[in-house]
Structure formats: structure tokens, C-alpha cells
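The values are calculated or read from the model by the stated rules, or taken from the named source; none is laboratory data. Predicted, not measured: the structure shown is a model, and the values here were computed from it. Glycine gets a Cβ as well: all are built from the backbone with ideal geometry, and neighbour counts include every protein chain shown. SASA here: full protein model, heavy atoms, side chains in, ligands and nucleic acids out. Shrake-Rupley method; radii C 1.70, N 1.55, O 1.52, S 1.80 Å.
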Amino acid sequence: MNAITERIAAYDWSAAEAALDEHGWAPLAGALTAGECDHLASMYACEEHFRSRVVMARHGFGRGEYKYFSYPLPALVAELRASLYARLVTIANRWNEHLKSDVRFPDDHASFIERCHRAGQQRPTPLLLQYGPEDYNCLHQDLYGEHVFPLQVTWLLSRPGDDFTGGEFVLTEQRPRMQSRAEIVPLAQGEAVIFPVHHRPVQGTRGIYRVNMRHGVSRLRSGHRHTLGIIFHDAK
């Protein structure tokens, strides 16, 4: 077992599952070291790591930019993706059962990626995001095709207060016949947040119902902010 896999295995996953069920997100404190964060952020300037670059303003996504990694993924990114999937797949299958979906996910990430690739979803989706002053990310969902793993993870690679101000991670949920609720997720450098891609089950007085989720980033007041995003399904 390598260091990343050991670090991921050491978390209290029962507590993470309870937090996801109750609040719609779960933190992973100390998921990356400061050195790992700096190493990942420095990759942004190296084009050989990436398959494409997206300038958000050109598409109405917000302001700032991001780059999708190409295959083969950097070793650290690949290890995080595989080890986290193995911890989240049980939650994902339980959520689908509660939402009356027949889709079930295999135990290992490689098998799920094979399923994506057979359906034409062959482009990797892990990405690095870069924000500067006045940049922001509109509320959105990361859906890339028929096969969607219902959870994803984002790491903050920069130091709030030192590298940037503003730029909070925002989650919103829309419950049936209710107004949307927003939540700010506080993150330090190296911390991660697990959250739904598009919806999650919530226990109500009359049973379980579906809650629609979106996420984004509020406006940066100053500095520069880098984040790593890991989405477990690939894109068409």
C-alpha cells in the first residue's frame, strides 16, 4: 500500500458517510501535504500534462480557467482517484438504491473506467483550476455523459489569507417545493471536500426524496487560487 492509499484509508469513513448523508458534503483534513499542493499547482504551467484548456468567460462559466489532465494521469492524481473511488463506491451504490436507480458501480475504479470507455466516454476529467482577482466559478454540475459517478472531490492547493482572499467553495441544494439553500465550505491548503455531482438522497417525513446539487466558487478579492478536482467518470 503506497503513502496516498494509506492516508486515504486512515480517515474515519463512517463519519464521512454520515456527513454526506446529513449535510451533502464531507471534509478530508490534511488530504495533501503543502509540498504536494505546491507540486500540483506548479503543473499548471506545463502543457504536456493536459489535454485541453478552458477559459471560463468564453463559455459563460464564470471567470478564471482550468485544464483537464491527459492520460496517463500524474501518479499522485491517479492514486488519489483510485483510492478514493474504493472508499466512496459503497456510498454511491447505496445512494442509487435509495434513489431507485438500477445502476451499480464496480468495486474498483479501473472497471468503472472500462465501462465509461466502452460507452465512448474516453477523455479524462481530473483537472486543475486557476483563479485570479475578480475570478469566480458559476454554480454548475460536472456531467460528461451517460455514466456518472455521483460523488466527486476537490482539493484546495493554495493558502487562504496568504495566497488569496475571497474565493470560497459554495454548494447549493434545491429541495422539492423549497427555495435553494447555500453553504460555504471552509477549506485550508491541502484539505479536500467530497460532495455530490448532481443529486443526493435525503430522508424526509414521507420517505427518501431527491435533492439537486450544484457547486461553484465565489469571487476572489485578491491573489491567486489553485484547486485540484477529481471526477471519477470520464467524458465523451
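Determine which single condition residue 98 fails, assuming it passes every other condition in (1) within 16 Å of residue 192 (Cβ to Cβ); (2) open to solvent by 60 Å² or more (accessible area, probe 1.4 Å).
(1)
Would you confirm whether or not the range 27-47 contains a residue that is under 22 Å from residue 198 (Cα atoms) and touching a strand residue (DSSP E or B) at 6+ places or on another chain (Cβ under 9 Å)?
Looking for residues that are under 22 Å from residue 198 (Cα atoms) and touching a strand residue (DSSP E or B) at 6+ places or on another chain (Cβ under 9 Å), one finds at least one in the range 27-47, hence yes.
Conditions tested, residue by residue: (1) in contact (Cβ under 8 Å) with a residue 40 or more places away in the chain; (2) loosely packed, with under 15 Cβ neighbours inside 10 Å; (3) in contact with a His (Cβ under 9 Å, 6 or more places away or on another chain).
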residue: 7; (1), (2), (3): no, no, no
residue: 15; (1), (2), (3): no, yes, no
residue: 28; (1), (2), (3): yes, no, no
residue: 41; (1), (2), (3): yes, no, yes
residue: 61; (1), (2), (3): yes, no, yes
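Within the range 28-68, track down each residue that is at positive phi and touching a Gly at 6+ places or on another chain (Cβ under 8 Å).
30, 62, 64
Count, please, the residues in the range 101-131 that happen to be over 23 Å from residue 199 (Cβ atoms) and either buried (at least 17 other Cβ atoms within 10 Å of the Cβ) or at pLDDT below 95 (or both).
Within the range 101-131, residues that are over 23 Å from residue 199 (Cβ atoms) and either buried (at least 17 other Cβ atoms within 10 Å of the Cβ) or at pLDDT below 95 (or both) number 5.
Can you find even one residue in the range 30-38 that is modelled with pLDDT under 95, closer than 28 Å to residue 13 by Cα and buried (at least 16 other Cβ atoms within 10 Å of the Cβ)?
Yes, there is a match, as at least one residue in the range 30-38 is modelled with pLDDT under 95, closer than 28 Å to residue 13 by Cα and buried (at least 16 other Cβ atoms within 10 Å of the Cβ).
If a residue must be aliphatic (A, V, I, L, M) and either modelled with pLDDT under 95 or over 19 Å from the mean Cα position of the chain (by Cα) (or both), how many such residues does the range 42-54 contain?
Selection size over the range 42-54: 1.
Pick from 143, 129, 139: which is outside any loop (DSSP other than H, G, I, E, B) and closer than 22 Å to residue 50 by Cβ?
129
So which residues in the range 89-105 are in a helix (DSSP H, G or I) and either over 18 Å from residue 204 (Cα atoms) or without any contact (Cβ under 8 Å) to a residue 24 or more places away in the chain (or both)?
Matches in the range 89-105: 89, 90, 91, 92, 93, 94, 97.
Is one or more of the residues making up the range 170-181 open to solvent by 50 Å² or more (accessible area, probe 1.4 Å), hydroxyl-bearing (Ser, Thr, Tyr), free of Cβ contacts under 8 Å to residues at least 12 places away in the same chain and over 19 Å from residue 68 (Cα atoms)?
For the range 170-181, residues open to solvent by 50 Å² or more (accessible area, probe 1.4 Å), hydroxyl-bearing (Ser, Thr, Tyr), free of Cβ contacts under 8 Å to residues at least 12 places away in the same chain and over 19 Å from residue 68 (Cα atoms): present.
Would you check which residues across the range 211-228 are buried (at least 18 other Cβ atoms within 10 Å of the Cβ) and either under 25 Å from residue 161 (Cα atoms) or acidic (Asp, Glu) (or both) and list them?
215, 217, 220, 223, 225, 226, 227, 228
Determine if the range 157-168 includes at least one residue that is within 29 Å of residue 99 (Cβ to Cβ) and open to solvent by less than 10 Å² (accessible area, probe 1.4 Å).
Checked the range 157-168: no residue is within 29 Å of residue 99 (Cβ to Cβ) and open to solvent by less than 10 Å² (accessible area, probe 1.4 Å).
Got a sec? Which of 202, 211, 170 is among the β-branched types (Val, Ile, Thr), part of a strand (DSSP E or B), under 18 Å from residue 24 (Cβ atoms) and in contact with a Ser or Thr (Cβ under 8 Å, 6 or more places away or on another chain)?
170
Which condition from (1) surrounded by fewer than 19 Cβ atoms within 10 Å (Cβ to Cβ); (2) within 30 Å of residue 211 (Cβ to Cβ); (3) not small (Gly, Ala, Ser) is the one that residue 71 breaks?
(2)
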